[in-house]
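Novice: Quick one: structure below, then a few questions.
The values are calculated or read from the model by the stated rules, or taken from the named source; none is laboratory data. In this text, all values refer to a predicted model and were calculated from it rather than measured experimentally. In this analysis, Cβ positions are derived from the backbone assuming ideal geometry, glycine residues included, and neighbour counts consider all displayed protein chains. For accessibility, only protein heavy atoms count, side chains too; no ligands or nucleic acids. Shrake-Rupley method; radii C 1.70, N 1.55, O 1.52, S 1.80 Å.
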Amino acid sequence: MRGYTDIPRSTSHCVVFIDEGEIDPEDVELVQQVREQGYRIAYIDCATYEDRHWEIPSHIGAQIATHHPPYHEGREANLARWLDDLIALAYSTPGLIIVLDNAFVLWNSQRKFMSELMEAYLIQVHHWLEQKVPCHLCFQMVPSPLVRQWFATSAA
């Protein structure tokens, strides 16, 4: 498909699944551009969360400086509170990119959680579209050192 080419745009193509051959090394310029514009970026390596997937929304929130983390209690994620805080960001930030690297790991082992995470994200995305603010959830389905290099400030 299109990999990361839409990240500077506010578009309904806001959830992407990126597979082999969909990463263009020249996209590094897009990533630099959105960083310079002040987008909030969260990078999560799903392979490190296989045994604690419920912590992912909390770690996303910590990286993008949401207002009310943590978004889990015990072994349960609170996705309603997470999406509420994402909605607030739509009105106060120039853009958002969430990259879930090695996403295939959790799609294989925690499909219900990953589906619920994506649904929670989609429930709130219309706020971003109304503000014409880019907001993207990227499921990097195959490991890519470029993706880690581009998006991870301190790999989580």
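Novice: How do Tyr49, Tyr91 rank by accessible surface area computed with a 1.4 Å probe, from largest to smallest?
Specialist: Largest to smallest exposure gives the sequence Tyr91, Tyr49.
Novice: Right, next: Assuming a ≥ b ≥ c are the square roots of the Cα gyration tensor eigenvalues, decide whether segment 22-98 counts as rounded (a/c under 1.5), prolate (otherwise, with a/b larger than b/c) or oblate.
Specialist: oblate
Novice: Just to confirm, what accessible area per residue do you get for the chain at 1.4 Å probe, in whole Å²?
Specialist: Computed with neighbouring chains in place, this is 48 Å² per residue.
Novice: Still on this model: Could you tell me which helices of the chain pass both thresholds, a Cα extent of 27 Å or more along their own axis and a mean Kyte-Doolittle hydropathy of at least 0.5, with helices taken as whole DSSP H runs?
Specialist: none
Novice: Sticking with this one: Run through the DSSP bridge list for segment 39-119 and note the antiparallel percent, rounded to the nearest 5.
Specialist: Within segment 39-119, antiparallel bridges account for around 25 percent of the total.
Novice: Okay, moving on. Under the rule a/c < 1.5 gives rounded, and otherwise a/b versus b/c splits prolate from oblate, where does the chain land using the Cα gyration tensor?
Specialist: Oblate shape, in that a/c is at least 1.5 and b/c is the bigger or equal ratio.
Novice: In whole Å, what three semi-axes, largest first, describe the equivalent ellipsoid of segment 1-54 built from its Cα gyration tensor (square root of 5 times each eigenvalue)?
Specialist: Largest first, segment 1-54 gives 22, 15, 12 Å.
Novice: Let me ask something additional. Out of the DSSP beta bridges found with both residues in the chain, what percent are antiparallel (nearest 5)?
Specialist: Looking only at bridges with both residues in the chain, the antiparallel portion is about 10 percent.
Novice: For Met141, Met114, what's the largest-to-smallest order of accessible area, 1.4 Å probe?
Specialist: Met141, Met114
Novice: Using a 1.4 Å probe and counting only protein heavy atoms, arrange Ser115, Ser12 so the residue with the most accessible area comes first.
Specialist: Solvent-accessible surface, decreasing: Ser12, Ser115.
Novice: Net charge around Asn78, counting only other residues with Cβ within less than 13 Å of its Cβ (Lys, Arg = +1; Asp, Glu = -1)?
Specialist: -4
Novice: Round to the nearest 10 and report in Å² the accessible area of Arg111, as given by a 1.4 Å probe over the protein chains' heavy atoms.
Specialist: Approximately 130 Å² of Arg111 is accessible to the 1.4 Å probe.
Novice: Ignoring everything but the protein chains, give the 1.4 Å probe accessible area of Trp82 in square angstrom, nearest 10.
Specialist: About 0 Å², ignoring ligands and nucleic acids.
Novice: Now for a different question. Show that you can apply the helix-only estimate: for the chain, add -39,500 (n - 2.57) for every DSSP H stretch of four or more residues, divide by all residues, and state [θ] at 222 nm to the nearest 500.
Specialist: My calculation for the chain gives -12500 deg cm²/dmol from helical runs alone.
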